[in-house]
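Right, one structure below, let's go through it.
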Amino acid sequence: MITSVKDQFIQNLINTLNNENQNRINNNRNPIDVCYLVSVIDQQIENYKEFLDDITEHTYVIDDYKDEWYEGYTNGEIQILIEKSNDKTKYEYINNYYNHKYYIKFLEDERPYGECQCSPGDKDYNDEYECCGENCDFSAPAFKLIKEIDLGYSCWEYSEKEYWKYKEKFMANEQNKNSEVEKYRLEQQKIELKDRIKELQEELDKLETKTQEYGNLKLVK
């Protein structure tokens, strides 16, 4: 039975990850370990009062699981999208519906206690895992919770011609330039020009050959 907002969130998270696994199986991909990812959140999420208050006071949506390379691990991430409390237009997704969102990054906490030396007969020895589960190397589940607030969206107001003027002024200021970048650009231009010259020379050689062939032809009476 669901007894709290936290419990409901955990169940929603499990459902989302189980759906991800169904999609993976359908696409012949290895499933993710749902228990591993959820365990630490179930254990520790109550330490994040601001997050729990947010999902208590607002409607939220758990976005699809996404694979992501993060600090050396590939356990992926989940986004939790939060509804604006004063929003009545639930279809204006980008600008109005979600005020801010959270990311849960699924990580690992490496605990190099030492290679397992456990054997049957040891206290708490588990036949399934062939270990006692204490003082042996352990990649413990971990997560990072990040809050992201959308402060708005802005774009260049004027025409492309005005941007060219800005760029010209920007590039005229030597302090704005990176010498290594400028050197790289010049080198790339040189390579492109050499390649173009090579192509043109090959075309010229072909034309010279054809010209000579026509010059060697004799008129047939």
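A few comments on the model shown:
- Residue tally, condition assigned to a loop (DSSP other than H, G, I, E, B), under 30 Å from THR59 (Cβ atoms) and touching a Lys or Arg at 6+ places or on another chain (Cβ under 9 Å), over segment 104-160: 1
- Subset of segment 112-145 [surrounded by 10 or more Cβ atoms within 10 Å (Cβ to Cβ) and either over 28 Å from VAL38 (Cα atoms) or touching a residue at least 40 places away in the same chain (Cβ under 8 Å) (or both)]: GLN117, SER119, ASP122, ALA140, PRO141, ALA142, PHE143, LYS144, LEU145
- The condition (being of a type in the set (D, E, K, R), surrounded by 10 or more Cβ atoms within 10 Å (Cβ to Cβ), out of contact with any Phe, Trp or Tyr (no Cβ under 8 Å at 6 or more places or on another chain) and part of a strand (DSSP E or B)) is satisfied by just one residue among LYS101, LYS167, LYS194: LYS101.
- Condition met for GLU148 (within 30 Å of VAL34 (Cβ to Cβ) and either surrounded by fewer than 12 Cβ atoms within 10 Å (Cβ to Cβ) or β-branched (Val, Ile, Thr) (or both)): yes
- If you check GLN188, GLN175 for being surrounded by 10 or more Cβ atoms within 10 Å (Cβ to Cβ) and polar (S, T, N, Q), only one passes: GLN188.
Coordinate-derived values only; no laboratory data. Just so we're clear, the structure is a prediction, and the values are computed from it rather than from any experiment. Cβ: placed from backbone, ideal geometry, glycine included. Neighbour counts: every protein chain shown.
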